[in-house]
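J.: I'd like to ask you about the structure that follows.
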Amino acid sequence: MRSKTPKMAAPVDLELKKAFSELQVKMIDTQQKVKLADLQIEQLTHVQKHAKLTHAEINTLSDDTRTYEGVGRMFILQSKDDITQQLKIKQKTAEGKIKELEKKVYLERSVKEAEDNIREMLLSRRAQ
């Protein structure tokens, strides 16, 4: 009888190991995606703040002030209105991307589910 018990437990152990490794890979992948989203949000927030500050400074200038836009290694003469419009677009674009990335709650929930599944598997295995 003793010899039959390990044979029955072996497929369960292999199944458990396979499921555990799959969940572990999923969890690591999701954690990396969450970190990437956090970095992108941080970078976009910086871009948004820079555009807001630049916009505020340009608004203090008189309408007849010559304004230039940096393009690569050169500067191009632009009207104040054009630069203001470009800064507004940059702010809105960054804001939209930040909102999209903040939907990463789904990713965080996925990590939590993977952790819970691993715990359940280990607890059920110990109970057997």
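The values are calculated or read from the model by the stated rules, or taken from the named source; none is laboratory data. Because the structure is a prediction, the values reported are computed rather than measured. Don't worry about glycine lacking a Cβ; one is built from the backbone with ideal geometry, like all the others, and counts go over all protein chains shown. When the accessible area is computed, the model is the full protein with side chains, heavy atoms only, and any ligands, DNA or RNA have been set aside. Shrake-Rupley method; radii C 1.70, N 1.55, O 1.52, S 1.80 Å.
J.: For the list (1) open to solvent by less than 50 Å² (accessible area, probe 1.4 Å); (2) over 30 Å from Val111 (Cβ atoms); (3) aliphatic (A, V, I, L, M), I need the number of the one condition that Val71 fails.
T.: Answer for Val71: the failing condition is (1).
J.: Also, quick follow-up: Taking the condition within 19 Å of Glu100 (Cα to Cα) and at pLDDT 95 or above, does Gln31 pass?
T.: no
J.: Could you list, in sequence order, all residues of the range 63-104 that are part of a helix (DSSP H, G or I), farther than 16 Å from Thr45 by Cα and not charged (D, E, K, R)?
T.: Ile83, Thr84, Gln85, Gln86
J.: Right, here's the next one. Being over 32 Å from the mean Cα position of the chain (by Cα) and exposed (fewer than 12 other Cβ atoms within 10 Å of the Cβ) is the filter here; which residues of the range 117-128 pass it?
T.: Correct list: Ser124, Arg126, Ala127, Gln128.
J.: Tell me which residues, restricted to the range 30-51, are of a type in the set (D, E, K, R) and open to solvent by 70 Å² or more (accessible area, probe 1.4 Å).
T.: So the first thing to find is which residues in the range 30-51 are of a type in the set (D, E, K, R), and the list is 33, 35, 38, 42, 49.
Matches in the range 30-51: Lys33, Lys35, Glu42, Lys49.
J.: In the range 74-116, what residues are touching a residue at least 24 places away in the same chain (Cβ under 8 Å) and open to solvent by 70 Å² or more (accessible area, probe 1.4 Å)?
T.: Selection gives Lys88, Lys90, Glu95, Lys97, Glu102, Glu108.
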